[in-house]
Protein chains: 2
Amino acid sequence: MYLTMNRFKVVKAEAAAFEELWKTRDSHLGDVPGFVSFALMKGPEAEDHVLYASHTIWADEASFTAWTKSEAFRAAHGGAKSSGHMYLAPPDLEIFEAVQVLTA
Amino acid sequence: MYLTMNRFKVVKAEAAAFEELWKTRDSHLGDVPGFVSFALMKGPEAEDHVLYASHTIWADEASFTAWTKSEAFRAAHGGAKSSGHMYLAPPDLEIFEAVQVLTA
């Protein structure tokens, strides 16, 4: 399991617009080879922002790398610049590799 | 989907021991009502630590809350104090609620 997590510090007044942006955009992820699942998660509220995290799970690192070089990636990120005012800071990308997995 | 994520800054020299600790302990999670899945994830390395994150997914918030008050929780965390020297800082718990989910 290969997890790419992007953490967004979203200005409070923009939280609803931020969620709407994700819900209405076409991520083009469904057809990408090696894509497993995506979740946009709402986290804790701080005084001046709300923490959101996008969690994308890939079959392996090669699938993620291939996606970042694809047309689907460019299409999904075409609007990124216009949403800059929503964030307190640039998004923070963290990549994780599973060490241990348990399921119910 | 309700995700509880604990972030651990682990001293580099203790990373192997930290992973071993998780792999060998009995989390008692399998039988907990509402438990969906658990993953211990290895993240980026900084100069003085390695970031790990435990991701536990629950059916809902009530399942997580009930677990924190259970005997299974106490049993799983019994050894936490003895591993304090492994961390640069106390673990940082963040709780997320899914806003949007896509699967392949």
The range A:1-87: relative contact order in percent, alpha carbon pairs under 8 Å with at least 6 residues between: 41 percent
Using the Kirkwood formula over every pair of different C-alpha atoms, what hydrodynamic radius in Å results for the protein assembly as shown? 18.3 Å
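Applying 1/(1 + (r/R0)^6) with R0 = 35 Å to the Cβ-Cβ distance of B:Thr68 and A:Glu71, what FRET efficiency is obtained, to the nearest 0.05?
After rounding, the FRET efficiency stands at 0.15.
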Straight-distance crosslink candidates among lysines, where the alpha carbon sits under 18 Å from A:Lys42 and sequence neighbours closer than 8 are dropped: A:Lys9, A:Lys12, A:Lys23
Helix A:15-24 axis, angle to chain A major axis (alpha carbon atoms, nearest 10°): 40 degrees
So if I take the centroid of the Cα atoms in the range B:1-50 and the same for the range A:86-104, what is the distance between those two points in Å? 13 Å
Ascending list, in nanometres, of distances separating the A:Gln100 label from those of the other copies (7 Å, Cα toward Cβ): 3.4
How do A:1-11, B:39-49 rank on mean C-beta neighbours within 10 Å, highest first? A:1-11, B:39-49
Measuring label to label, 7 Å along Cα→Cβ, what does B:Thr65 give against each other copy in nm, shortest first? 4.6
At A:Ala46, label 7 Å along Cα→Cβ: distances to the other copies, nm, ascending? 1.3
Would you calculate a helix-derived [θ] at 222 nm for the protein assembly as shown, using -39,500 (n - 2.57) for each DSSP H run of n ≥ 4 and dividing by the full residue count, to the nearest 500? -6000 deg cm²/dmol
Taking a quarter of the surface of the convex hull around the Cα atoms of chain B, what do you get in nm²? 7.5 nm²
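Laboratory data are not the source of any read-out in this text; all were calculated from the coordinates shown. As the structure is a computational prediction, the values presented were derived from the model and not from experiment. When we count neighbours, we look across all protein chains shown, and the Cβ atoms used for this are built from the backbone with ideal geometry, even at glycine.
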